[in-house]
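Only the coordinates and a few stated rules stand behind these numbers; no lab work does. Being a predicted model, the structure only gives us computed values, none of them experimental. In this analysis, Cβ positions are derived from the backbone assuming ideal geometry, glycine residues included, and neighbour counts consider all displayed protein chains.
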Amino acid sequence: MAARKSSSPKVNTGKPGRPAGGRNTNSGKGARAAAGRAPSTGRSSSPRSASSRNVVAREGGPRGRPIRNSDVRRSAPVAKGLGGEQIEGRQAVRELLIGQRRKVKEIWIAQDIDPAAIIEDIEQLADAARVTVVEVPRRKLEDTARSEAPQGIIAFAQPLEEVEFASLMKKRNGVMPFLVAVDGVTDPGNLGALLRCCDGAGVSGVILPKHRAVHVTPTVAKTSAGAIEHVPMCLVPGLPVAITQMRDKGIWVVGLDDDSENTLFDIGKLATEGICIVLGAEGSGLSRLVRDRCDTIVSIPMLGQVSSLNVSAAAALATYEVTRVRMAEQA
C-alpha cells in the first residue's frame with residue numbers, strides 16, 4: 001500500500017514535475033505526476049498524497065472541462081445501450097479497474113476522503129492502468145454524483161459494451177448456458193442487487209429489455225458492487241420473442257411467479273441443462289406475454305406472513321438453487 005503523506009514540501013528526485021515518493025503538489029499548485037511533465041498552473045493544491053501516479057488536483061470535469069449543467073444530469077435517461085459511463089462507490093470503481101473491460105477516462109476522489117486500504121488499492125490500480133486520478137472538493141463531487149452515497153469517489157468510463165444475445169445462448173467452456181432474464185424491473189437498486197447475486201451464483205448472462213426497464217445507472221453500478229464489470233449483459237427488443245428464441249435453442253425457460261403450485265425446488269434436472277430464470281418486477285410480476293412463453297412457472301414457498309420477496313432476494317434464491325443442483329451433479 002502506498003503511504004499517505006501530508007502536503008508538506010517534498011524533496012525533488014530530479015525527475016521533472018514529480019515529487020519524491022508522492023503526488024506532485026508543488027507549492028500549492030496541483031500538477032500531473034507523469035514524469036517530464038511540467039506542473040500545471042492556477043489550480044488548487046491537494047491536502048493529501050499517495051504513490052506517484054497520474055494525479056491532478058482541480059475542480060473541473062473530466063479532462064479538465066469545467067462542470068456545466070449538461071454534465072450533471074441526475075435523472076437523465078440512457079439514450080441507448082447499457083449505459084454505465086459514471087461509476088460511483090469504492091467497490092464499484094475498484095472492480096471497474098480490475099475488470100479492464102472498458103477504457104477508464106478519469107477518477108475523482110474527494111480531497112478530504114479518509115484513508116482506507118481500498119482507496120490505496122484503487123490508486124495503485126489506476127497508476128498501473130495509467131488512469132488520471134483527480135482530487136476535487138467533496139461538495140463538487142457530491143453535486144456531480146447521481147447515487148445517494150458515492151463514498152467520496154467517482155469514475156468516468158466508456159459505456160458498457162453489451163454482448164450479442166446469440167452468444168449468450170451458446171455453451172461457454174463446455175458449460176450449458178445459465179441465464180437470467182429481467183421483466184419490467186425499473187428500480188436501479190433492485191437491478192444492482194440482482195446483478196450482484198448473478199455474479200456470485202455464476203450466471204453466464206443477463207437479458208434486459210431495451211424498453212420500460214432500468215439499465216446501468218450509477219446507482220445500479222454502486223449497488224452491484226462492481227458486478228456490472230463481470231456479468232455479460234444484452235438488450236433485447238422484447239422478452240417474449242427472446243424467450244421463443246431460447247426455447248428453439250433447447251434452453252429451458254423457467255418463470256418465477258407466486259401463482260404456481262410447482263416450486264423452485266421442483267426444477268430438478270432442468271438446472272443441469274441450458275436454463276433461463278425469468279424474474280418479474282416486485283408487485284406486477286411477470287407480464288402476461290412473458291408468462292405464456294415460459295416452459296414452466298415455479299414459485300418460491302412463502303411460509304411466513306409476507307406474501308412475496310424482493311426481486312433481488314428471489315434472484316438470489318433461484319440462481320443459487322440452479323448452482324446447487326449443478327454442483328451436486330458434478331460431485
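Out of every Cα pair in the stretch 165-330, what percent are spaced more than 28 Å from each other? Present the calculation step by step, with values, prior to reporting the outcome.
Values: 1669 of 13695 pairs.
Of all Cα-Cα distances in the stretch 165-330, 12 percent exceed 28 Å.
Have a look at Ser204, Thr319, Gln305 and report the one farthest towards the positive end of the charge dipole of the stretch 165-330, computed about the Cα centre with Cβ charges (Lys/Arg +1, Asp/Glu -1).
So the residue we want is Ser204.
Can you grab the distance from the C-alpha centre of the stretch 196-250 to the C-alpha centre of the stretch 276-331, Å, no decimals?
Measuring centre to centre over Cα atoms gives 15 Å.
Taking the Cα centre of the stretch 165-330 as origin, work out the dipole magnitude from +1 charges on Lys and Arg Cβ and -1 charges on Asp and Glu Cβ, in debye rounded to 20. The partial results should precede the final answer.
Numbers: 15 positive and 16 negative charges, 121 e Å.
The calculated dipole for the stretch 165-330 is roughly 580 debye.
With respect to the cross-link table entries Lys103/Lys170; Lys170/Lys222; Lys170/Lys269; Lys210/Lys269, which display a Cα-Cα separation exceeding 23 Å? Working shown, then result.
Values: Lys103/Lys170 27 Å; Lys170/Lys222 29 Å; Lys170/Lys269 19 Å; Lys210/Lys269 31 Å.
Pairs exceeding the cut-off: Lys103/Lys170; Lys170/Lys222; Lys210/Lys269.
How high is the relative contact order of the stretch 165-330? Use alpha-carbon pairs under 8 Å, at least six apart in sequence, and give a whole percent. Present the calculation step by step, with values, prior to reporting the outcome.
Numbers: 312 pairs, mean separation 46.7, N = 166.
Value for the stretch 165-330: 28 percent.
As I understand it, the dipole of the stretch 193-276 uses +1 on the Cβ of Lys and Arg and -1 on the Cβ of Asp and Glu, about the Cα centre. Which of Val214, Pro240, Ile275 lies farthest toward its positive end?
Going by the Cα projections, it comes out as Val214.
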